[in-house]
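These notes concern the structure reproduced below.
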Amino acid sequence: MGYDHANWGATEWLAMSLMMLLFRGLLIGLVVWAVRNLRTEGESVQPRDGSGRADEILAERYASGDMDEAEFRRRRGLLHSTWSPHTERQTS
């Protein structure tokens with residue numbers, strides 16, 4: 001007694017087709033989820049760490065004259081840098 005697909009009826013073929021569509025939909029959904037959630041911070045559409053508000057504050061302080069252009073660029077560069085204490089090598 002083997003698996004003879006020639007004797008399948010319309011119900012079996014429909015069920016198999018629906019299961020394949022479900023599987024492919026789940027696979028595509030997983031890829032979309034992974035692409036949207038596993039991006040690096042630099043590629044993020046909206047910052048999750050609050051740096052969007054920090055940009056606004058820097059721009060306001062620059063516009064009001066609290067800092068010059070060099071200071072604004074330096075602070076903005078620090079804000080958007082990818083530096084972390086774990087990636088810096090200790091030199092002694």
Conditions (1) surrounded by 10 or more Cβ atoms within 10 Å (Cβ to Cβ); (2) at pLDDT below 90; number of the one not met by Q46: (1)
Options A10, A70, A6, A15; residue that is at pLDDT 90 or above, exposed (fewer than 10 other Cβ atoms within 10 Å of the Cβ) and out of contact with any helix residue (DSSP H, G or I) (no Cβ under 6 Å at 6 or more places or on another chain): A70
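The values are calculated or read from the model by the stated rules, or taken from the named source; none is laboratory data. Keep in mind that what you see is a predicted model, and the values were worked out from it rather than measured. Positions of Cβ are backbone-derived with ideal geometry, glycine not excepted, and every protein chain shown enters the neighbour counts.
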